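What follows is a set of notes on a single structure, which appears directly below.
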Amino acid sequence: MKTVPRVLLVEDEPAIAELVSVNLRHNGFQPIWAEDGDAAQRELETALPDLILLDWMLPGQSGLSLARKWRAAARTKSIPLIMLTARGDEPDKVAGLDAGADDYITKPFSTQELLARIRAVLRRRVPEEAVQAVAVGELSLDTTTHRVQWRGHPLKLGPTEFKLLAHLMKSPERVHSRSQLLDKVWGDHVFIEERTVDVHVKRLRESLGEAGSMVETVRGAGYRLTAQPQPAQRAG
Ligand code: CA
């Protein structure tokens, strides 16, 4: 099954948000609407989108300052970002690109133009993200197709569990502390407690089923992924 790219739309005008959302949905994307920077930030902390459409003029933090903030944060820095600007604001466009936007679109724009820009930006991003497939024991993960398999059978993982597993699989047997995992998997962990890691590790084990024992807790140190899980210790 093809995955549906998620597009976070940060736009304060409901009429534009509605129009863009409908068009995205009809063209194979999953829109998520945030009406300002705070709402967008909450979305980003929950799950990362495949692309951000960011309006320049927003109440509260401007699109420009949001672009700078997200580009500076490890968790969000590689998300493709397209800015929506008003007609003829040349300095704005330059500033937007300087702030790390991949492209900009001038309002009013046609649906076809918007979709073409989105597809172009997503295509350009592919080589950077093609981290390839990894396998540990009989567990395999492909970051390009977002698939995880155990003994040839597909497993369903949430986005955070997928990222967590991908990170653990890149260096099997190595022990990762909770703070290292927060840093590498969540990136910007200002808002996240270390306990969150435990919650996601638990969910990851559940999602992995039989392969769940490959994710080991190393007491006082953190977690690791091992190809040879130790059988649970029994008393006597
Ligand atoms: Ca606006």
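Rounded to the nearest 500, the helix-only mean residue ellipticity at 222 nm of the chain stands at -12000 deg cm²/dmol, with each DSSP H run of n ≥ 4 adding -39,500 (n - 2.57). For Trp56, the residues 5 or more places off, or on other chains, whose built amide H falls under 5 Å of its own are Leu84.
Over the chain, average the accessible area per residue using a 1.4 Å probe and give it in Å², no decimals. It would help to have the intermediate numbers written out before the result.
Values: 12990 Å² over 236 residues.
I get 55 Å² per residue for the chain.
Computed from backbone phi, the HN-Hα couplings of the stretch 206-216 come to 4, 5, 7, x, 4, 7, x, 5, 5, 8, 9 Hz, rounded to whole numbers (Karplus: 6.51 cos²θ - 1.76 cosθ + 1.60, θ = phi - 60°; Gly and Pro given as x).
Computed over the chain with a Gaussian network model linking Cα atoms closer than 10 Å, the most mobile of Gly222, Gly60, Gly28 is Gly60. Rounded to the nearest 10 degrees, the angle from helix 159-170 to the longest Cα principal axis of the chain is 60 degrees.
For the listed residue pairs Lys69/Lys202; Lys170/Lys202; Lys156/Lys202; Lys163/Lys202; Lys69/Lys156, the alpha carbons are over 24 angstrom apart in Lys69/Lys202; Lys69/Lys156. Given R₀ = 35 Å, FRET efficiency for Asn23-Ser213 by Cβ-Cβ distance, to 0.05? FRET efficiency, Asn23 to Ser213: 0.15. For Arg75, the residues 5 or more places off, or on other chains, whose built amide H falls under 5 Å of its own are Asp188. Take the alpha carbon atoms of the stretch 212-233, find their center, do the same for the stretch 9-24, and report the distance between the two centers in whole angstrom. The two parts, judged by their Cα centres, are 46 Å apart. Rounded to the nearest Hz, the phi-derived 3J(HN,Hα) couplings of the stretch 219-230 under the Karplus curve 6.51 cos²θ - 1.76 cosθ + 1.60 (θ = phi - 60°) are 3, x, 10, x, 10, 8, 9, 10, 6, 10, x, 6, where x marks glycine and proline.
Within the stretch 139-191, list the chymotrypsin sites (Phe, Trp or Tyr not before Pro) lying in a DSSP loop whose Cβ has at most 13 other Cβ atoms in a 10 Å radius. Here the chymotrypsin sites (Phe, Trp or Tyr not before Pro) that fit, given the DSSP loop and packing criteria, are Phe191. Approximating the spin labels as points 7 Å out from Cα along Cα→Cβ, the Glu173-to-Arg119 distance works out to 4.6 nm. Between the helical axis of 14-26 and the longest alpha-carbon principal axis of the chain there is an angle of about 60 degrees. Counting only DSSP beta bridges whose two residues both lie in the chain, roughly 45 percent are antiparallel.
For the pair Leu97 and Ala221 in one chain, pulling the backbone fully straight at 0.36 nm per residue adds 40.4 nm over the alpha carbon distance.
The values are calculated or read from the model by the stated rules, or taken from the named source; none is laboratory data. Note that this is a predicted model, so its numbers are computed, not measured. Here Cβ is always computed from backbone atoms with ideal geometry, including for glycine, and neighbour counts include all displayed protein chains. For the accessible areas, the whole protein counts, side chains as well, though only heavy atoms, and no ligand, DNA or RNA atoms are used. Shrake-Rupley method; radii C 1.70, N 1.55, O 1.52, S 1.80 Å.
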